[in-house]
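Okay, so here's the structure we're looking at.
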Amino acid sequence: MFRGLDPGSHEMDLPGHEGVHVGVYAGRGQRLVFVIDAGRIETLESYIERVSLIVVFLGAILSAWFGWLLAAKTISPVIRLAKAVESLPLTPVATNLAAGHGRDEIGRLAGAVDAYQQRLVDADANERRFFADASHELRTPIAVIQGAVEVLKDDPETSAGQKSKLSRIDRSILELATLLEALLLSARGLPDDVETIDLHEICQRSLERITAADPERLRTVELRGTGPENLRGHRRWISAIFDVLFQRMLTASPGATWRVDFSGSGVTISQPVSTQTDAESIRRSDLGIGIVFVERLSRRLGWVLTQRISPNDGLRICIEIP
């Protein structure tokens, strides 16, 4: 079979074997024939190639999976710390986030957050002490002025014109005291104690306090309906809200008639437009009465206060109580 082959390399197919390599070497009367079956080697190479591709593919998938697990485990403390910081309330509170972490960089970051929160708590405590002292210092001159006005009003030598002016001063001092109370409350945090509140009763007493110097003004406010039942809240805060609100109402529109409607969802205060002159006044007015302190106190209580004004409906102040 191989005798007719010329010296050199040959590739031929034999029965049962394909791709056989034959090397023929001749010299000095000798002839050497080498037969190499490369088919098995090529089959083995193809097998190894397929196995290598499978190993590389599975290795890449396993490496990505293990990398994802390692990354998730690595950043999980950061995610826990981020969630803990996001859940902090708006008011300053002392935290101990570092206790849930080790002494690594995440623990140092948590400790920095704890230290910052503690500084906020200390600053808030200092601010509350300042407002408490300021409350006492500001109330003293207001009480002195009120006492002096009362003495002058009771003086028989005071004329009617002077008493009218003293009444205006008395009303202004009362409004100043009311605004001061609202300012101090808005600067403090909400107390922990709550009680059941009768909103209609609070409004009635607030109106009586404000109109004590001028009882005729009480007739310009009409209370209708009943307030939210089983309302739980802070009496001092709610009283301050309606003290300022009624004071501003009666001061902004002397002699005008106001209507206060109570419902299960809140309170609506309105000043109906009854004449063309009122409508023209509404068109030229701004957004209504200034109730910055009332809005701030309402937000702290979770109430929603809106103030709308239109030529047809007049001024409407709506307080939604969740």
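The values are calculated or read from the model by the stated rules, or taken from the named source; none is laboratory data. Fair warning: this is a prediction, and the values are worked out from it, not measured in the lab. Ideal geometry is used to build each Cβ from the backbone, glycine not excepted, and the neighbour counts take in all protein chains shown. Remember, those area values only see protein heavy atoms, side chains included, never the ligands or the DNA or RNA. Shrake-Rupley method; radii C 1.70, N 1.55, O 1.52, S 1.80 Å.
Some observations on this one:
- Proximal aspartates and glutamates to Lys165, defined as alpha-carbon separation beneath 16 angstrom and excluding residues fewer than eight positions away on the same chain: Glu150, Asp154, Asp155, Glu157, Glu175, Asp214
- Spacing of the two label points (7 Å from each Cα toward its C-beta) at Cys318 and Val113, in nm: 3.9
- Point-to-point label distance, Leu58-Asn230, nm (Cα→Cβ direction, 7 Å offset): 6.5
- FRET efficiency for Asp261 and Leu190, using Cβ-Cβ distance with R0 set to 35 Å, rounded to 0.05: 0.85
- Estimated [θ] at 222 nm from DSSP helical runs (n ≥ 4, -39500 (n - 2.57)) normalised by residues in the chain, nearest 500: -19500 deg cm²/dmol
- Cα lying deepest toward the dipole's positive end in the chain, options Ala99, Ala256, Thr226, charges on Cβ: Ala256
- Within a straight-line Cα-Cα reach of under 12 Å, Lys153 can be paired with the following aspartates and glutamates, leaving aside sequence neighbours fewer than 8 residues apart in one chain: Asp170.
- Cα shape, the chain, gyration tensor, a/c 1.5 rule: prolate
- Prolate/oblate/rounded label for the stretch 45-121 (Cα gyration tensor, a/c 1.5): prolate
- Dipole magnitude (debye, nearest 20) for the stretch 216-266, charges at Cβ of Lys, Arg, Asp, Glu: 120
- DSSP assigns beta bridges within the chain; of those with both partners inside it, close to 85 percent run antiparallel.
- Listed residues Ile36, Ser172, Ser270: farthest to the positive end of the dipole of the chain (Cβ charges): Ser172
- You can think of it this way: the chain between Leu218 and Ile145 has 23.9 nm of extra reach, that is 0.36 nm per residue less the Cα-Cα gap.
- Magnitude of the charge dipole for the chain, about its Cα centre and with charges confined to Cβ atoms of Lys, Arg (+1) and Asp, Glu (-1), is about 220 debye.
- With contacts taken as Cα pairs under 8 Å at a separation of at least 6 residues, the chain carries a relative contact order of 10 percent.
- Cα gyration tensor, the stretch 141-229 - rounded (a/c under 1.5), prolate or oblate: oblate
- Taking label positions 7 Å along the Cα-Cβ direction at both Ser310 and Glu208, the computed distance is 3.7 nm, reported to one decimal.
- FRET E, pair Ser76, Val51, Förster distance 35 Å, beta-carbon r, rounded to 0.05: 0.40
- As a rough guide to protection, the peptides 30-37, 239-246, 214-221, 315-322 ranked by mean Cβ packing within 10 Å, highest first, stand as 239-246, 315-322, 214-221, 30-37.
- A probe of 1.4 angstrom, applied to the heavy atoms of all protein chains, finds Trp237 with accessible area near 10 square angstrom.
- Estimated FRET transfer efficiency (Lys153, Glu295; beta-carbon r; R0 30 Å; 0.05): 0.30
- If you sort Val85, Val20 by accessible surface, 1.4 Å probe, largest first, the order is Val85, Val20.
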